[in-house]
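The values are calculated or read from the model by the stated rules, or taken from the named source; none is laboratory data. The model shown is predicted, which means the values in this text are computed figures rather than measured ones. We place every Cβ from the backbone using ideal geometry, glycine too, and count neighbours over all the protein chains shown.
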Amino acid sequence: EVQLQAFGGGLVQTGGSLRLSCAGSGFTFADYAIGWFRQAPGKEREGVLCISQSGANTAYRDSVKGRFTISRDNAKNTVYLQMNSLKPEDTAVYYCAVTGYSCEGGMDFWGKGTLVTVSS
C-alpha cells in the first residue's frame with residue numbers, strides 16, 4: 001500500500017524557519033517525482049515545490065523561490081521541505097505527494113498533511 005506522511009509542522013513567527021519531512025512507503029521511492037502541496041483555510045490546494053527522480057527542482061510558484069528548498073534522501077525514503085523566511089500567507093496544511101514520473105503530474109498518492117501556522 002502506497003503511503004506518504006508529512007511531519008514537522010508547527011507554530012512559528014514571521015521570518016522563522018521549519019523543516020518538514022515526508023516519509024514514503026509501499027513503493028520504490030526513487031522511481032517517482034515527489035511534490036509538496038499545501039492548502040490554506042478556505043483556499044484551493046496548490047503546489048509548492050517538486051523534486052524529480054534525479055533531484056531537479058521545480059517551483060510551482062514564484063512566491064517560494066529563494067525561501068523554500070526541497071530535497072530527497074532515497075535511502076531513507078524521505079523528502080524534505082526546508083522553509084525559511086516564513087510569512088503568514090504560508091500558513092496551510094502541507095502535504096507531500098507522488099506526482100508520477102515527472103513533476104508535471106498531479107497528486108497521484110498522498111497522505112495526512114502537517115499544519116504550518118505562521119503568526120503575524
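Residue-wise test of (1) in contact (Cβ under 8 Å) with a residue 12 or more places away in the chain; (2) closer than 20 Å to G111 by Cβ.
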| site | (1), (2) |
| --- | --- |
| A6 | yes, yes |
| D31 | yes, yes |
| R45 | yes, yes |
| Y60 | yes, yes |
| K65 | no, no |
| N84 | yes, no |
| D90 | yes, no |
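Selection over region 97-112 of residues that are assigned to a strand (DSSP E or B) and over 11 Å from G47 (Cβ atoms) gives a count of 4. Residues of region 54-82 that are over 25 Å from T14 (Cβ atoms) and at pLDDT below 95: S54, G55, A56, T58.
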